[in-house]
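Colleague: Input: one structure, supplied below.
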């Protein structure tokens, strides 16, 4: 006759084995879920990078289109070395040749005593009809 203690022990061992296998399967499922979550996070990161690049490209496109629009209005004044154009209100303005040439940026020039100056890059332009005023010497008092 079969020993009842052996059957009980064998049954318990099989039950424990079954529980262990089931626990391993659950752990495997959890690991699979974690792997999927990791993949989702990586895809979200890639999506955020793509969105950022799209925004940057849209800004560049807008800047390019605006520069193209401005380029139609801008005329180079060879006498002074500045670009002439109009502002959004249609008023004539002089623009910095350096800022326009290097960055496609319309930087309006300020009128100064001898011509123009750019507040953005600090370049100065002398108009041909303006002369540099001589430096006054301080009176020596002698």
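The values are calculated or read from the model by the stated rules, or taken from the named source; none is laboratory data. This is a predicted model, so every value here is computed, not measured. Please note: Cβ atoms are built from the backbone with ideal geometry, for glycine as well, and neighbour counts cover all protein chains shown.
Colleague: Among the residues in the range 84-97, are any surrounded by 10 or more Cβ atoms within 10 Å (Cβ to Cβ), in contact with a helix residue (DSSP H, G or I) (Cβ under 8 Å, 6 or more places away or on another chain) and at pLDDT below 90?
Modeller: The first filter runs over the range 84-97 and keeps only residues surrounded by 10 or more Cβ atoms within 10 Å (Cβ to Cβ), leaving 84-87, 93-97.
Add one more test, that the residue is in contact with a helix residue (DSSP H, G or I) (Cβ under 8 Å, 6 or more places away or on another chain), and what stays is 85-86.
Of the ones still in play, those that are also at pLDDT below 90 are 85-86.
Among the residues of the range 84-97, at least one is surrounded by 10 or more Cβ atoms within 10 Å (Cβ to Cβ), in contact with a helix residue (DSSP H, G or I) (Cβ under 8 Å, 6 or more places away or on another chain) and at pLDDT below 90, which makes the answer yes.
Colleague: Still on this structure: In the range 59-68, is there at least one residue being at pLDDT below 85 and on the phi > 0 side of the Ramachandran plot?
Modeller: no
Colleague: Here's something else I'd like to know. Identify the single condition in (1) more than 26 Å from the chain's Cα centre (by Cα); (2) assigned to a helix (DSSP H, G or I); (3) modelled with pLDDT under 90 that residue 37 does not satisfy, given that it satisfies every other one.
Modeller: It fails just one condition, (3).
Colleague: Looking at this structure, is residue 54 part of a helix (DSSP H, G or I), over 31 Å from the mean Cα position of the chain (by Cα) and at pLDDT 85 or above?
Modeller: no
Colleague: What number of residues in the range 98-126 are under 26 Å from the mean Cα position of the chain (by Cα) and surrounded by 13 or more Cβ atoms within 10 Å (Cβ to Cβ)?
Modeller: Of the residues in the range 98-126, 12 are under 26 Å from the mean Cα position of the chain (by Cα) and surrounded by 13 or more Cβ atoms within 10 Å (Cβ to Cβ).
Colleague: Could you tell me whether residue 101 is assigned to a strand (DSSP E or B) and under 30 Å from residue 128 (Cα atoms)?
Modeller: Judged against the criteria, residue 101 is not a match.
Colleague: Which one of these is surrounded by fewer than 10 Cβ atoms within 10 Å (Cβ to Cβ) and in a helix (DSSP H, G or I): 5, 71?
Modeller: 5
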